[in-house]
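Report on the structure given below.
What follows draws every value from the coordinates through simple rules; no lab data is involved. Predicted model, so just to flag it, every value in this text is computed and none were measured. Counting neighbours? That spans all protein chains shown, and the Cβs are built from the backbone with ideal geometry, glycine included.
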Amino acid sequence: MTSEESDDTMAAARAAAEARPQQPAQTAQTPDDGEIHSGVGVLDKTVKILDALESGPSTLGQLVAATGLARPTAHRLAIALERHRFVLRDSHGRFVLGSRFAELAAAAGEDRLLTAAGPILRTLLDRTGESAQIYRRQGDQRVCIAAVERASGLRDSIPVGAMLSMQAGSAAQILLAWEDSERMHQGLRHAKFTATKLTQVRKRGWAESVNEREEGVCSISAPIRNASGQVIAAISISGPTGRMGMQPGRHYAPLVMAAGKYLTEALIKASTLGAM
């Protein structure tokens with residue numbers, strides 16, 4: 001074969017290749033069934049479980065019917081999700097979405113909260129004369145994610161990062177008061193406050209504790225909500241009972257509630273702007 005013939009043959013091969021229908025690039029989504037296929041089978045099956053529970057509580061049989069998974073597979077995945085608190089059981093033993101999602105959502109929104117928190121905590125300190133903090137629930141405890149303190153005098157010092165019990169304190173009451181009934185019941189088992197007290201907290205929108213977390217210390221707390229209305233944190237002031245009195249809510253609750261409302265509105269505004 002001459003060089004000219006060789007060139008003609010190669011040109012014809014290229015033309016034939018270009019004329020063939022192009023195969024579509026393989027993607028993570030299969031259009032036929034409308035489902036996302038990531039290539040990691042166990043992950044896709046787990047997401048099927050969560051998608052089914054998004055519609056509401058489900059028995060194991062309902063999960064099997066909704067997902068098309070084999071019963072042993074659905075049961076194994078649901079139990080694994082329960083251990084990681086992505087799934088819980090309700091009072092009827094049905095599977096429901098768990099609290100871990102709320103915690104992750106709160107953590108995702110924490111930067112926005114902290115951005116707005118500094119000035120309002122300082123204002124709260126200036127107006128009340130007492131240390132101010134913001135707490136977020138983390139599992140069975142609550143963590144202080146922001147704080148300002150009195151410059152001098154007797155004060156309740158709570159450093160950022162401090163882990164406190166969910167069994168006592170006005171912030172613990174706020175973080176538990178709007179939980180679902182099952183988780184609230186679990187939280188009340190060893191708490192120093194009662195279900196009746198949490199009912200009062202929900203009605204009036206604030207909580208107080210006197211000598212509950214620590215002798216000689218009292219606090220007032222109010223909720224901070226996200227754009228969906230979910231309580232994601234508690235804003236508080238705390239100090240000695242000798243200065244704040246045995247019924248501190250009467251004097252300080254309006255100021256703490258106003259601070260919580262301000263931060264809630266700031267989060268809603270930030271969420272709206274972020275979605276634009």
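Using Cβ counts within 10 Å as a stand-in for footprinting exposure, how do 269, 192 rank, fewest first?
Listed from fewest to most nearby Cβ atoms, that is 269, 192.
Residue by residue through region 171-186, which ³J(HN,Hα) values in whole Hz follow from phi under the Karplus form 6.51 cos²θ - 1.76 cosθ + 1.60 (θ = phi - 60°), with glycine and proline marked x?
In residue order, the calculated couplings are 5, 4, 4, 4, 5, 9, 4, 9, 6, 5, 4, 5, 5, 5, 4, 5 Hz.
Provide Rg and Dmax in Å for region 145-234, with only Cα atoms included in the calculation.
Over region 145-234's Cα set, Rg and Dmax evaluate to 13.5, 43 Å.
What are the ³J(HN,Hα) couplings of region 194-202, residue after residue, when phi is run through the Karplus curve with 6.51, -1.76, 1.60 and θ = phi - 60°? Round to Hz, x for glycine and proline.
The phi angles translate into 10, 4, 4, 5, 5, 4, 5, 4, 5 Hz.
Using the basic label-point model (7 angstrom from Cα toward the beta carbon), what is the residue 43 to residue 202 distance in nanometres?
Going from the residue 43 label point to the residue 202 one covers 3.8 nm.
Mind checking which lysines have their Cα closer than 28 Å to the Cα of residue 269? Skip sequence neighbours fewer than 8 apart in that chain.
Answer for residue 269, where 28 Å is the Cα cut-off: 203, 261, listed by chain and number.
Using modelled amide H (1.01 Å from N, peptide plane; none on Pro or chain starts), what sits under 5 Å from the amide H of residue 232, excluding residues fewer than 5 places away?
Those lying under 5 Å, H to H, from residue 232 are 224, 225, 226.
If a/c stays under 1.5 just call it rounded; otherwise compare a/b with b/c (prolate if a/b is bigger, oblate if not). Do that for region 178-276, with a ≥ b ≥ c from the square roots of the Cα gyration tensor eigenvalues.
Oblate.
Between residue 162 and residue 55, what is the spin-label point distance in nm, taking each point 7 Å from the Cα along the Cα→C-beta axis?
Between residue 162 and residue 55, the simple spin-label model gives 4.8 nm.
For region 104-275, just say rounded, prolate or oblate: build the C-alpha gyration tensor, square-root its eigenvalues into a ≥ b ≥ c, call rounded for a/c under 1.5, and beyond that prolate if a/b exceeds b/c, oblate if not.
oblate
Provide 145, 36 in ascending order of the number of other Cβ atoms located within 10 Å of each residue's Cβ, fewest first.
So the ranking, lowest neighbour count to highest, is 36, 145.
Quote the FRET efficiency, to the nearest 0.05, computed for residue 94 versus residue 261 with a Förster distance R0 of 30 Å and r equal to the Cβ-Cβ distance.
For R0 = 30 Å, the calculated efficiency reads 0.25.
Which of 59, 128 has the fewest other C-beta atoms within 10 Å, and how do the rest follow up to the most?
Least crowded to most crowded, the residues run 59, 128.
Let's see if you can work this out: charge +1 on each Lys and Arg Cβ, -1 on each Asp and Glu Cβ, no other charges. What is the dipole magnitude of region 104-275 about its Cα centre, in debye to the nearest 20?
Approximately 360 debye in magnitude.
Under 19 Å from a point 7 Å along the Cα-to-Cβ line of residue 214: which residues of region 138-163 have their amide N that close?
The answer is 141-163, whose backbone nitrogens lie closer than 19 Å to the label point.
Mind ranking 76-83, 169-176 by how tightly packed they are, going by the mean number of other C-beta atoms within 10 angstrom, highest first?
So the peptides 76-83, 169-176, ranked by packing, come out 169-176, 76-83.
Take the Cα coordinates of region 73-176, assign each an equal point scatterer, and use the Debye formula without solvent to give log10 I(q)/I(0) at q = 0.09 Å⁻¹.
So the normalised log intensities are -0.33.
Once phi is turned into ³J(HN,Hα) by the Karplus curve 6.51 cos²θ - 1.76 cosθ + 1.60 with θ = phi - 60°, what whole-Hz value does each residue of region 214-224 show in order, with x for glycine and proline?
8, 4, x, 10, 10, 8, 10, 9, 9, x, 10
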